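J.: One structure follows; several queries about it will come next.
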Amino acid sequence: MEKDEIHLRRLPAAAPWGPHAGSEFHGVDFLPEDLNEAPEETGMRVNKKYSCLPAEEKGIHIINIRAIEDIGYDQHESTLLNSLSKNPDADCKYGLYFRDGKRKVDYILVYHYKKSSAGRTLTRRVHHNDSSARSTKQDQPLPGKGVQLEMGESEPHVDYHEDDKRFRREEYEGNLVEAGLELERDEDTKIHGIGFVKIHAPWNVLCREAEFLKLKMPTKKMYHINQTHGLLKKINSVIQKITEPIQPKVAEHKPQTVKRLSYPFSREKQHLFDLSDRDSFFDSKTRSTIVYEILKRTTCTKAKYSMGKGEGRKKETTLLNKRRKCGKYGITSLLANGVYSAAYPLHDGDYEGENVEPNDRKLLCEEWASYGVFYKYQPIDLVRKYFGEKIGLYFAWLGVYTQMLIPASIVGIIVFLYGCATVDENIPSMEMCDQRNNITMCPLCDRTCSYWKMSSACATARASHLFDNPATVFFSVFMALWAATFMEHWKRKQMRLNYRWDLTGFEEEEEAVKDHPRAEYEAKVLEKSLRKEHKHKETDKEKLTWKDRFPAYLTNFVGIIFMVGLTFAIVFGVIIYRISTAAALAISSTPSGRSSVRVTVTATAVIINLVVIIILDEVYGCIARWLTQIEVPKTDKNFEERLIFKAFLLKFVNAYTPIFYVAFFKGRFVGRPGDYVYIFHSFRMEECAPGGCLMELCIQLSIIMLGKQLIQNNLFEIGIPKMKKFIRYMKLKRRRSLDHEEHMKKKQRYEVDYNLEPFAGLTPEYMEMIIQFGFVTLFVASFPLAPLFALLNNIIEIRLDAKKFVTELRRPVAVRAKDIGIWYNILRGIGKLAVIINAFVISFTSDFIPRLVYLYMYSENGTMHGFVNHTLSSFNVSDFQAGTAPNDPMDLGYEVQICRYKDYREPPWSENKYDISKDFWAVLAARLAFVIVFQNLVMFMSDFVDWIIPDIPKDISQQIHKEKVLMVEVFMREEQGKLQMLETWKDKDKKKGENCNNHSPRLSRSHSGSLSSCHSYPLDV
């Protein structure tokens, strides 16, 4: 060998020599992990497991390749790479497999590493003896594009924080190898400073964990699903033909006639399962779930610089011992502490391009995550296969909800059209628009406002009839029954999915997962135990009590009260704005400005409310998460439920407080002319329009609902991920090497997925739909078109969410679930609350009850003629308080003696002038009676619907029973086969024994070996 040459060779994977001959070893590239980024440590550590020659036979030094340029070797780094190793990207399908092209990548761990300050040292001697206290497993470098480096000599500048992270990674990855996983590291990527650890779960690990998790897997046994007969079969076939164009073109969506019997996987009963193709027996979703369970379970207890230097060293041993006892640094803790920056399973491949191989992600993008297929059903089974049951259930629920909005939208449109058709026949609005009545109304504000004609509110009165007519009462009852039917329909759909997805009998496993403590909880317990140990107290088994959490509970209580108070204060501020703006516009010199005061004030105030709601929604979401984090819930399930409760409470109050004000408080505490109620002694409380507050409630509800859906749900969901993706792209572009060859190299799958947005959970998706469900049900009496707008939004929302999950987000870990959890209880609560709120809206906000009272108690000819005059009281203008009378009493062109205002009070010529009249009490009694009757009747009808519709479809219960019977038959046959085989062996043993006993004694002695073999036969078996 010439002295100017450096020969580095990759040894074959199956080398039959070395300290681990015959072991499963795939070889190691003795190359640096990244030629552009020198490793943190200054020398290479060669471990015995990955060394192909014994240490004493090598007698060589590994030269730091980074130093080649410094000593005059003019080979470029990329040229050196090409000369030393072949590009394996095509063989490993660009990151979907290990570099051997056979082992599939099931999970990815990502970490940051920094360039060492001594990275350009000329040479480092290979160390064979490790003086540290690490175990052999932890010292083994991972197979990958390089080997781990180790401290060859003391460095002047050591980043202890980074060294501690590297130390924990080594230990954790060593523990993963001990758990049976296979790892491979890659730091030679286009994203500099980022390292990737690829994880593969071999067959024996998959089998072991599938048995631990009680995963139901399909067996060889198949059975026919019960089919309908006769008329139902013909109806189903006709429906299938009609709906064929709107069915997605995926194999999983085709109707099944045969189903495989499923059984929890067991290594002892592998013969029951179809293992002909082991590579596809566990799909990618199941493999990533299994690996994630191992990552959560595997712990990391060491920390190299945990207590610093000097006097802290004495405490370090105690700290590490405590961590070994109760501190468990699983993957969630390591991610929180920055040891790893990300952990995620890989997508199946690319979803767009010319030469893209067919995969589930591409199929989902074409048949689900495309706006062009908005009219088709969702391929829910394929969604579940790719993303898991929890996400599959969310999209299934969203699909059922959207389907159920179709009949609600149709009925709402009919109700609205009925109002349009009968608006010209509505006598009260005709009386208000009739200028011959010449009804003069009292001023809307003090001094600056003048008297006005009722006929000027004609447009508002006619528009109110579109939403305030007898059909809206029917629609309120209909929507209450619709909500109950929707909940029952979803329960039945959920049971069908549980049967199809083999989730029956899932509770036991769910309980086991539920008790797994969170990393933050364990850290708090560790901190508490260390404090007690410092005080020389016994710490056998610590846990957080209510005393430990009391400061957090107090903060939660004060924080929530403050946020609710802030929402009320903002609504109150908007009220002040409305009152002051109305007074200011009333001074306007133009008649058009004075006539459009009410519309202008209402529209601008609602827009302000909308902007505030959208801003506070984001703020409240962050505050709810922070409040939940400081509580330190023990399990992920507890954390999620507490977070949902806080976020829903704050967002519910934020979204509905302005609407509640208009529906139930506006115009209720106004007072009367001459005795008005004032805020801060200067602002008079605002009144409802002559046609009632229902029209204003409709405007408020429609603008807030449509604005939230358009801006918050759609623009934010499209714009913010695009903006984040663009920012990440620009950052990576700045960091990217100027090397053209490196720039043109195709990215690995895990690099592409790393640039995607992390999955943040389903809580925001559910929350947005639950708030919308409240808009559809709570105030539907005032806005019958709400279901229509919700339907149009959801058609876009499904495809928008689908596109986000398939193309914008990293693939989430599949989570098994058999229902939608706490969201179902929230939906039921909103459904019950909707009945009460609609009863109050109809009775107190609309004029439905006063009309009925007038029609049946006060009308002279049984018609609505005279109703408007009946609802107005009279006021003598001479009774105005000093300084409150209009500045221009002759604004209408004549002197006003009596003005009218909407209320039930005694006239000024009565003995008890301006007192509440008996008509008020009659209307109030009718309103309360209606609330009681409506609420109880609708609740009874909803419960009746709930009772009459069974939760489990009859055919599904039959199929579940059939599965149990078939499974018993399978095991009975297996036991019978075993007994028959055992009896056959016994018979053979008896016959052999008799043959042996029939021999002569001499022959028996001469064939003692044969005789002994006869008796040992059962033992051999």
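The values are calculated or read from the model by the stated rules, or taken from the named source; none is laboratory data. Remember, predicted model here, so these are calculated numbers, not experimental data. Because the Cβ atoms are built from the backbone with ideal geometry, glycine has one as well, and the counts that use them run over all protein chains shown. For accessibility, only protein heavy atoms count, side chains too; no ligands or nucleic acids. Shrake-Rupley method; radii C 1.70, N 1.55, O 1.52, S 1.80 Å.
J.: Students often check this: by mean Cβ neighbours within 10 Å, which of 254-260, 813-819, 99-105, 755-761 ranks highest, and how do the rest follow?
T.: Listed from highest to lowest mean packing, they are 813-819, 99-105, 755-761, 254-260.
J.: Suppose every Lys and Arg Cβ carries +1 and every Asp and Glu Cβ carries -1, with no other charges. What dipole size does region 644-729 come out with about its Cα centre, to the nearest 20 debye?
T.: Charge dipole of region 644-729: 640 debye, to the nearest 20.
J.: For a test of the definition: using alpha carbon positions, the gyration tensor, and the 1.5 limit on a/c, classify region 174-240 as rounded, prolate or oblate.
T.: oblate
J.: Lys/Arg Cβ at +1, Asp/Glu Cβ at -1, dipole of region 613-660 taken about the Cα centre: which of ILE644, THR657, CYS622 is farthest positive-ward?
T.: The Cα lying farthest towards the positive end belongs to ILE644.
J.: Listed highest first by mean packing, meaning other Cβ atoms within 10 Å per residue, what order do 822-835, 938-951, 382-395 come in?
T.: Highest to lowest by the protection proxy: 382-395, 822-835, 938-951.
J.: Place a +1 charge on the Cβ of each Lys and Arg in region 754-809 and a -1 charge on the Cβ of each Asp and Glu, then give the dipole magnitude about the Cα centre in debye, rounded to the nearest 20.
T.: In debye, rounded to 20, region 754-809 gives about 140.
J.: Could you tell me which of rounded, prolate or oblate describes region 781-929, using a ≥ b ≥ c as the square roots of the eigenvalues of the alpha-carbon gyration tensor, with rounded for a/c under 1.5 and, failing that, prolate when a/b is larger than b/c and oblate otherwise?
T.: prolate
J.: Also: Can you tell me the length gained on complete extension of the stretch ASP891 to ILE822, counting 0.36 nm per residue apart and subtracting the Cα distance?
T.: So the extension gain works out to 18.8 nm.
J.: Ok, one more. Return one whole number: the accessible area per residue of region 603-683 in Å², for a 1.4 Å probe.
T.: 43 Å²
J.: Further question: For region 785-913, give the percent of accessible area contributed by carbon and sulfur heavy atoms, probe 1.4 Å, rounded to a whole number.
T.: Exposed carbon and sulfur together represent 56 percent of the surface.
J.: May I ask you to give the solvent-accessible area per residue for region 209-282, in square angstrom, as obtained with a 1.4 angstrom probe?
T.: In whole numbers, region 209-282 has 69 Å² accessible per residue.
J.: While we're on this one: Take LEU979 and LEU275, extend 7 Å from each Cα along the Cα→Cβ direction, and tell me the distance between the two endpoints in nm.
T.: In this crude spin-label approximation the distance works out to 2.7 nm.
J.: Let me ask something else about it. Please say if region 644-697 is rounded, prolate or oblate, where rounded means a/c under 1.5 for a ≥ b ≥ c the square roots of the C-alpha gyration tensor eigenvalues, and otherwise the choice is prolate for a/b larger than b/c and oblate otherwise?
T.: oblate
J.: To continue, here is another question. Under the rule of at least 5 residues apart or a separate chain, name every residue whose amide H is placed under 5 Å from the amide H of ARG185.
T.: Those qualifying (amide H under 5 Å, at least 5 residues apart or on another chain) are GLY144, LYS145, LYS198.
J.: Going by average Cβ density within 10 Å per residue, which order do the peptides 472-484, 368-380 take, highest to lowest?
T.: Order by mean packing, descending: 472-484, 368-380.
J.: Oh, and also: Checking the table LYS233/LYS818; LYS216/LYS634; LYS114/LYS296; LYS524/LYS634; LYS214/LYS269; LYS269/LYS964 against a 21 Å threshold on Cα-Cα, which pairs fail?
T.: LYS233/LYS818; LYS216/LYS634; LYS114/LYS296, as the Cα separations exceed 21 Å there.
J.: Taking amide H positions as placed 1.01 Å from N in the peptide plane, with prolines and chain starts having none, which residues 5 or more places from ARG103, or on another chain, fall under 5 Å of its amide H?
T.: PHE98
J.: Hey, another quick one. Using the alpha-carbon centroid of each, what span in Å lies between region 367-395 and region 910-924?
T.: Region 367-395 and region 910-924 have Cα centres spaced 61 Å from each other.
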